[in-house]
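Working notes for the structure below.
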Amino acid sequence: MKIRVIRSWRRRKIIRIRRRPDTNEGLEKRVQTFNKKYFQGSLSWRRVYYSPNQNSCMFGNCNTKNRTIRISDRLLKMPKFVRDYVLIHELAHLKIAKHGPGFWKLVNKYPKTERARGYLLAVASKNI
């Protein structure tokens, strides 16, 4: 009886951890959701993960050659809408590499883009 209860508790805990956006697994789930919602499921990537090694003012990076997305772990301390914006921004790079009008048209599908960009500009200006 006790073993069954422990296994059940452990299974629920693992599921909860995988759903959390502050884990790489949670980040992957979030990206899958955004791919469907904003990109009609047309994107593919090899890896998306949090990185503690982004010391410049960049909050995310998309390597279009190897199709990996790296997100600064500094975003964990910021509001969720800001983290979501950075994810969508980096996903858009999988479709359009440069910051041209077509790129911004994709990113601006996210309704809180302007608000999130303002937040990140304020954060970046404090770190200069």
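A short reminder: the numbers here are calculations on the coordinates, not readings from a lab. Please read these numbers as outputs of a predicted model, since none were measured by experiment. When we count neighbours, we look across all protein chains shown, and the Cβ atoms used for this are built from the backbone with ideal geometry, even at glycine.
Structure above, values below:
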quantity: Gain in span if fully extended, Ser8 to Asn24, counting 0.36 nm per residue against the direct Cα distance; calculated: 3.4 nm
quantity: Lys98 versus Glu114: modelled label distance in nm, points set 7 Å from Cα along the beta carbon direction; calculated: 2.6 nm
quantity: The range 20-126: translational diffusion in µm²/s, Stokes-Einstein, Kirkwood Rh over Cα pairs, 4 °C, 1.567 mPa s; calculated: 94 µm²/s
